[in-house]
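Encoded as C-alpha cells, the structure appears first; notes follow it.
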Amino acid sequence: MIAYVDASVLLRVALRQPDALGEWREIQQGVSSALVMTESLRTLDRLRLRANLTDVQVASRRATILALVGSLELVEVDATVLERAAQPMPTELNLVVVEGEGSIINVRQRVSRDPVVRVEDENHKPIVGAVVVFTLPTEGATGEFGNGSKTLTVMSDSQGLAKAQGLKVNQVGGKLPIHVTASYRSLTARTTLTQFVEVPPGTKVSTSHGGSGKVIAILAVIGAAAAGGAVYATQRSKSGTVVTPPPAGPAAIGITAGNGTIAPPH
C-alpha cells in the first residue's frame, strides 16, 4: 500500500496515540513533504513544555520521530507545494459524475465503461489530491475493479477527476450501484452512480458473485504540508521501502485536533 503521511499521522504513531492509523503496518511505501520533520519536532517541543516531559522522554520520542521520517520518501518543498499548502481550505466538497452513469454492460463483454467522477469545491473548482473510494455491492449484480477487489481507492488529478479503472462485472444481471466517497481535509462527499448488467437470452449464468482480492488503498490525511505531496504519491511505483513500525515506547500523550492544542494524557 502507498500512503501519503503528514505530520499528524506520523505523530499519532510516534506518540502511540489510541487513535493512531491502524493500517500503519500495511504501508509498503510512505511519501511525505520535507516539512514533516520540522512540523513533528516543533510539536514535540511544545509537548516538552506543556506536558513537562523529561529529557529522557523527549530523547526517546525524538528518536522515534526521526526513525519514522527516515523510512519515508520525502518530497522537496518547492514554490508549487508552498502555494498549494497556503491555499484556503474549501468549505464544501461536491462529487459530480462525469462518465459511467446509466451504462449498459453486456455480460458477454464483461468490461464496462469506467466510472469517472470530479471532485469540486463550493465554487465548482476542481479539488486536487482528494481521496476517492469506489465500492461495489457484495452480492447480486457486481464485479471487481482492476485490482481484483470490490473497493478501489484513487486520488483526484489536477482536473479533480478520479477514475475507477478496469471494472469487470460478474454474470448476474440487474442494476449495479457503484458507491463513491470523496474525502479532503476533513470534508466528505458521497454519491452513487448506477450501471445496468444485461444478460442476453441463452447466456449460461455463473453463480459467482465476483472475485475478491487485495484492496489497494492510498491514505491521505492532509495537513499543512500535504497538498503537494499527495499528488506526488499517486505517481509512485507500488513497490518500495516498508515503513518501519514505531518501537515500543512510553505511554501516549494526547493531541487535541484544532489549533494545535496539546491535551493532557487520557
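Computed quantities for the displayed model
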quantity	calculated
Contour minus Cα-Cα distance for Lys125 and Asn52 (0.36 nm per residue)	21.8 nm
Which of Ser8, Ser60, Ser40 has the fewest Cβ neighbours within 10 Å, and the rest in rising order	Ser60, Ser8, Ser40
Burial ordering of Ile104, Ile65, fewest other beta-carbon atoms within 10 Å first	Ile104, Ile65
Built amide H within the under 5 Å cut-off of Ser33, gap 5+	Val75
Order of Thr38, Thr91 - criterion: other Cβ atoms within 10 Å of each residue's Cβ, fewest first	Thr91, Thr38
Length gained when the stretch Arg25-Ala63 is fully extended (0.36 nm per residue, less Cα-Cα span)	11.8 nm
Other-chain or far-sequence residues with amide H under 5 Å of Val107's (modelled H)	Glu198
Cut-off 18 Å, label 7 Å out along Cα→Cβ of Val98, residues of the stretch 183-197 by amide N	183-184, 189-194
Two-decimal Rg/Rh across the stretch 90-198, once Rg and the Kirkwood Rh are taken from alpha-carbon atoms	1.00
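Computed from the coordinates by the stated procedures, all read-outs in this text should not be read as laboratory data. Just so you know, these numbers come straight off a predicted model, no measurement behind them. Positions of Cβ are backbone-derived with ideal geometry, glycine not excepted, and every protein chain shown enters the neighbour counts.
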